[in-house]
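Undergrad: Quick one: the structure is below, questions incoming.
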Amino acid sequence: VQLQASGGGLVQAGGSLRLSCAASGRTFSNNAMGWFRQAPGKEREFVAAISWSGGRTLYADSVKGRFTISRDNAKNTVTLQMNSLKPEDTAVYYCAVDTGSSYSYWLASNYDYWGQGTHVTVSS
């Protein structure tokens, strides 16, 4: 099983980036998926998550209203649209899959599969 994240890069404050995560090796259409990030010297933190159907989404307060998570079960992908980026959004972003039945999407410990991470740098 592999999760391949892409779309990171360098952007000025106020700009946008679109992260994508493609899963291979098995289908995750019945599983919640999420995005986490880790800034230098900081712990990994929850960013956003989406239920298997896409009917439920959850966002960290710090990104609410700026980021949008979506998924395409037919393509086995999850996307994070990031708008109005701020320098404090600079981090390595990881996609992950929760194969359990808990609705605690914000807990990294609930996620079983992780991508390799993609770097996002927001300059001021």
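Undergrad: For GLN4 and ARG44, compute 0.36 nm times the residue count separating them, minus their Cα-Cα distance, and round to one decimal in nm.
TA: Here the answer is 12.6 nm.
Undergrad: Could you look at the chain and say what percent of its accessible area is carbon and sulfur, using a 1.4 Å probe and all protein chains?
TA: Summing carbon and sulfur atoms, their accessible area is 47 percent of the total for the chain.
Undergrad: What FRET efficiency comes out for the pair ARG56/SER124, r = Cβ-Cβ distance, R0 = 25 Å, nearest 0.05?
TA: E(calc), rounded to 0.05, equals 0.15.
Undergrad: Per residue, how many Å² of accessible area does the chain show with a 1.4 Å probe?
TA: Result: 50 Å² per residue.
Undergrad: State the extension gain, in nm to one decimal, for the chain segment bounded by GLN81 and ARG18, taking 0.36 nm per residue of separation less the distance between their alpha-carbons.
TA: That works out to 22.2 nm of additional length.
Undergrad: Under 30 Å from the Cα of LYS42, which lysines turn up, not counting those fewer than eight places away in the same chain?
TA: In chain and number order, the partners are LYS64, LYS86.
Undergrad: At 0.36 nm per residue, and after removing the present C-alpha to C-alpha distance, how many nm does the segment from TYR103 to THR27 gain when stretched out fully? Please report the intermediate quantities before stating the final value.
TA: On the way: separation 76, 0.36 × 76 = 27.36 nm, distance 1.95 nm.
So the chain would gain 25.4 nm between TYR103 and THR27.
Undergrad: Shifting gears a bit: Could you tell me how many cubic angstrom of Cα convex hull volume the chain has per residue?
TA: Once divided by residue count, the hull of the chain is 90 Å³.
Undergrad: Region 1-43: which trypsin sites (Lys or Arg not before Pro) are DSSP loop and have at most 13 other beta-carbon atoms within 10 angstrom? Spell out each step's value before the answer.
TA: Numbers: sites: ARG18, ARG26, ARG37, LYS42; in loops: ARG26, LYS42.
Answer in residue order: ARG26, LYS42.
The values are calculated or read from the model by the stated rules, or taken from the named source; none is laboratory data. Please read all numbers here as calculations on a predicted model, not as lab measurements. No Cβ is skipped: glycine too gets one built from the backbone with ideal geometry, and neighbour counts run over all protein chains shown. For the accessible areas, the whole protein counts, side chains as well, though only heavy atoms, and no ligand, DNA or RNA atoms are used. Shrake-Rupley method; radii C 1.70, N 1.55, O 1.52, S 1.80 Å.
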